[in-house]
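Scroll down for the structure; my scribbles are underneath it.
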Amino acid sequence: MVKITKSNEKDSESAGTRNVGKKKLLKTPNLPEKKKHINKPSTSKASATKSRLQHVPNNYERSSVSKSSSQSQLLNTKMCKKSAKHNPKRTTGGSERHYIIPRPDVLHTYLSHCDIIQYLDFVKSRFSDSVKIHTIGYSYEKRAIKAIEIDWINDRRDEKDVESISSSGLSLAGQTSSDRRNTIFIEGGTHAREWISISVALNCIYQLTEKNRRHQDLLGKLRFFIVPLVNPDGYEYTRTTNPRWRKNRRPHSEEKHVGTDCNRNFDFHWDLNSSKVKRNTYQGEKPFSEPETRALAKILHRLSPQLLFFLSLHSYATTIMYPWGYTRVEPKNAKMLENLAITGSSAIRSSKGRYYRVGTIANITKRTIAGSVVDYAYGVIKVPLALVMELPSSEYGFQPPSQVISQLGHESWIGIKEMCKHAFSLKAQLEDLRKNKKKELPDVAEETVSEIRIHKPKIDWLRDGEYNVKNFDLYEDVQSISKICLSTAVD
């Protein structure tokens, strides 16, 4: 038996070993005891918010895996709020991965303003050679009004020769081959409660980008500008507070009422309106008093030399209408506009069985509508073809159930696509009419020149330089029109 003295025991312990008989056993170092953490449910607001952020909707597609879902959701939130440009990439090495922009469910849900911008960014990230996103202005509550430019013919153009539209909407692409082509302009969401008009505009974007191979015949001829949501403030208000709201959300200083009908605020026979401030159709204190209408008018003026066809989406009368709205008198090329509308109506009826009525705005609605965007586009911007498409229907109302969004979107696209094709087929005919048109100006009385000078301040914001009194166009029927407008062409 081997006796171990205290001194030997101390020495062996200090060396980290213990002698038992002839064997040496390693002694485990004295480590601090590990504390056990118990996950207790938290009832604080911060933890509740964190748990909500960790939830990712099922209808969002991702191509890369994030470290934590909360980080991904926070990234998406910042992207929506600031509407920043993203250039997502995939990395093959390193500890971090870059995220792609999630794709909102554009076909089966009514997207928020944030999600609409996110979808535009998603499309831009996938088709960067053919798609550009422009901020054409801001609403009263500082929400961005976005336009998407889709151009598949000139997707290889030199970026140095192209200047994007600025936030004020005052600068446009330089003189490239794309700018000399004819352009289709589509806008939706002018009236806040007409949600389906926004979804149909987004469906058009979906068809022209994600499903571009189906429409090569169309994309090989035309360029598209689409503004899916003209009135973002009013739209968000209908989503959170009052689904029946129609106007924008700018308050009136001398009244307790809020909002102006953006489709009565354009400077084309605006003075024929007489609605009171509390009405849904209130035209505003003056033409272009609203930031939304100013933004839309500016981009239309800048694109005017290339515009072939303007289409305004509304709901829910199931009609396709053409100017004029301010009077029951038909324009000179009414037959051409009627045939264009019939083309869309017939395409939808033969495919889906739904019948769209066709006629002038004033005759179909049985009332005059002054200051509308379609009359302005046709009368002032001089877009040769301009229509209003009132989507279905009294069966569904302004906000059809989500189950039929995709159905109505695809159905409407059938008519829109055929109208775009027909518009392009009319291009040569329109050019011949323009060449044969007499350019001689009739005699103008001194009173007319004085009237032009009086109205000049109303549209000063459209001009960068000074006016030339001699450079103006008279409307087709001088006797029936009370106001003379200047030409949109700059000297």
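The values are calculated or read from the model by the stated rules, or taken from the named source; none is laboratory data. The structure presented is a predicted model; accordingly, all values stated were derived computationally and were not measured. Every residue, glycine as well, gets a Cβ built from its backbone with ideal geometry; the counts of neighbours run over all protein chains shown. Accessible surface areas use protein heavy atoms only, side chains included; no ligands, DNA or RNA. Shrake-Rupley method; radii C 1.70, N 1.55, O 1.52, S 1.80 Å.
Numbers below:
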{"read-out": "Segment 330-378 - accessible surface per residue (Å², probe 1.4 Å)", "value": "44 Å²"}
{"read-out": "Å² of accessible area per residue within segment 96-143, as computed with a 1.4 Å probe and no ligands counted", "value": "41 Å²"}
{"read-out": "Inter-probe distance in nm under a simple model that places probes 7 Å from Cα toward Cβ, at ASP271 and VAL329", "value": "1.7 nm"}
{"read-out": "Calculated FRET efficiency for the pair ASN363/LYS142, C-beta based, R₀ 41 Å, to 0.05", "value": "0.55"}
{"read-out": "Share of carbon and sulfur in the accessible heavy-atom surface of segment 277-336 [1.4 Å probe, %]", "value": "45 percent"}
{"read-out": "For TYR138, residues with placed amide H under 5 Å, excluding near neighbours", "value": "ILE145"}
{"read-out": "Per residue accessible area of segment 219-298, 1.4 Å probe, in Å²", "value": "40 Å²"}
{"read-out": "16 Å reach of a label modelled at LYS286, 7 Å along Cα-to-Cβ, counting backbone N of segment 252-269", "value": "252-254, 265-269"}
